[in-house]
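Read through the structure below, which is laid out as structure tokens, and then see the notes.
The values are calculated or read from the model by the stated rules, or taken from the named source; none is laboratory data. Every value quoted in this text rests on a predicted model; they were computed, and no experiment measured them. Note: ideal-geometry Cβ built from the backbone for every residue, glycine included; neighbour counts use all protein chains shown.
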Amino acid sequence: MTAVLIAVPTGRSGWAPDFTMSLLELLTRPMAADLGLPEEPILRWSYHRSSNVCQNRHNLVRGAQKLGVSHILWLDDDMTFPADTLVRLLKHDRDIVTANCTTRAVPIVPTAIKRNQRIPSIGRRGLEIIDQVGLAVVLTRLEVFENVALPWFLFVWDPEFPDTYMTEDCYFFRKARAAGLDVWVDHDVSQEIGHIGELEFSHGMIDVKELAAFNRDALLGRREKMRLVE
């Protein structure tokens with residue numbers, strides 16, 4: 001049976017209202033007919049709150065293992081997403097399938113990275129294999145965490161970029177790929193994702209020239225960080 005833990009790691013005392021509404025709409029949307037199932041998938045949700053996002057994510061995986069669910073849907077509490085996000089990601093039947101959110105500060109760039117280049121979703125359709133992305137809206141099969149050795153999430157020094165620490169999501173995706181797992185991004189879902197900052201940032205706000213300059217600087221090694229989240 002399909003059973004999903006909706007996992008929200010959080011470092012704040014309250015969630016963004018738009019995130020809460022997106023979550024409620026997702027939780028209450030019927031899915032069985034779209035998924036071709038005789039009954040609704042079992043949905044559970046949990047969050048862990050502390051300033052240590054690595055520990056939050058680790059605890060959520062352990063909770064999912066105790067519940068015996070089949071999947072974890074990772075949602076950051078500053079995201080907006082369509083009500084059918086879970087249905088659309090489940091239908092792909094992949095170990096790891098993600099949405100490509102944008103950063104929430106100028107320059108606005110996508111978080112999906114392939115061969116050290118930021119990959120936009122505007123103008124693209126379907127699925128694409130990438131190297132890494134932010135863990136903001138990501139569906140993983142639970143068995144992924146049986147195939148990837150501990151620790152799953154860690155802030156570590158990044159030898160590829162000067163004076164830079166790798167974030168926990170980059171670390172996870174690099175380990176998953178090293179374990180032979182593909183990371184897929186759904187470009188269609190991605191174009192309906194919002195990232196809440198002072199504004200709600202999305203792909204439609206990306207400046208193509210700024211993105212080209214950002215990617216050029218990254219290739220030349222002049223950018224201090226290739227941060228997934230500003």
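Figures for the structure shown
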| item | result |
| --- | --- |
| Hits in segment 112-149 - residues which are in a loop (DSSP other than H, G, I, E, B) and in contact with a strand residue (DSSP E or B) (Cβ under 7 Å, 6 or more places away or on another chain) | A112, I119, P120, S121, D131, V133, L135, A136, L142 |
| Residue in segment 150-171 that is nearest to D76 (Cα to Cα), counting only those that are in contact with a strand residue (DSSP E or B) (Cβ under 8 Å, 6 or more places away or on another chain) and surrounded by 19 or more Cβ atoms within 10 Å (Cβ to Cβ) | D169 |
| Selection within segment 52-71 - of a type in the set (A, V, I, L, M) and either closer than 22 Å to I196 by Cβ or assigned to a helix (DSSP H, G or I) (or both) | V53, L60, V61, A64, L67 |
| Filter result for S46 (among the small types (G, A, S), outside any helix (DSSP H, G or I) and either in contact with a helix residue (DSSP H, G or I) (Cβ under 6 Å, 6 or more places away or on another chain) or more than 15 Å from K91 (Cα to Cα) (or both)) | yes |
| Pairs with Cβ under 8 Å, 6+ apart, first in segment 155-167 and aliphatic (A, V, I, L, M), second modelled with pLDDT under 90 and in a loop (DSSP other than H, G, I, E, B) | M166/D158 |
| Tally of residues being over 29 Å from M205 (Cβ atoms), in contact with a Cys (Cβ under 8 Å, 6 or more places away or on another chain) and not aliphatic (A, V, I, L, M) across segment 154-192 | 0 |
| Out of R29, R44, R49, sole residue that is surrounded by fewer than 19 Cβ atoms within 10 Å (Cβ to Cβ), closer than 21 Å to G194 by Cβ and of a type in the set (K, R) | R29 |
